[in-house]
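Single-structure report; data block below.
Laboratory data are not the source of any read-out in this text; all were calculated from the coordinates shown. Bear in mind the structure is a predicted one, so any value in this text is a computation, not a measurement. Please note: Cβ atoms are built from the backbone with ideal geometry, for glycine as well, and neighbour counts cover all protein chains shown.
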Amino acid sequence: MSKTRTNSQKLYDIIKKPLVTDKSHQAIENNNQYTFEVAKDATKIEIKQAVELIFPGRKVKAVRTVYMPSHEKRMGMKYGRTDSSKKAIVTIEGDKIEELTGV
């Protein structure tokens, strides 16, 4: 069982980057859902705390997580593997996050 992170610096390390794809952009427009790449050992509660810390004034309604396993990738004649990761789909109540919508 992982320990919950309470230090604000550790909460900043949970969210690695936002994932911007066509599907995630449609989720932002339609459902106010944002997709982030997060640390593999992060829990839903920690992700919620981290989003509310990074984007003040926003309230997180729900968090869904997906484990993304590694897969084979060919590079020329050789085969390698991509890194496995974890992503979180976060539903925000209220206004959209302007930094991530590009408005």
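Structure values in brief
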read-out: Trypsin sites (Lys or Arg not before Pro) within region 52-103: DSSP coil, no more than 14 neighbouring Cβ in 10 Å; value: Lys96
read-out: Per residue Cα convex hull volume in Å³ - calculated over the chain; value: 126
read-out: Sequence-distant residues sharing a close amide H with Leu19 (under 5 Å, placed H); value: Thr35, Phe36, Glu37
read-out: Helix-only mean residue ellipticity at 222 nm for the chain, each DSSP H run of n ≥ 4 adding -39500 (n - 2.57), per residue, nearest 500; value: -7500 deg cm²/dmol
read-out: Burial ordering of Val66, Val60, Val20, fewest other beta-carbon atoms within 10 Å first; value: Val66, Val20, Val60
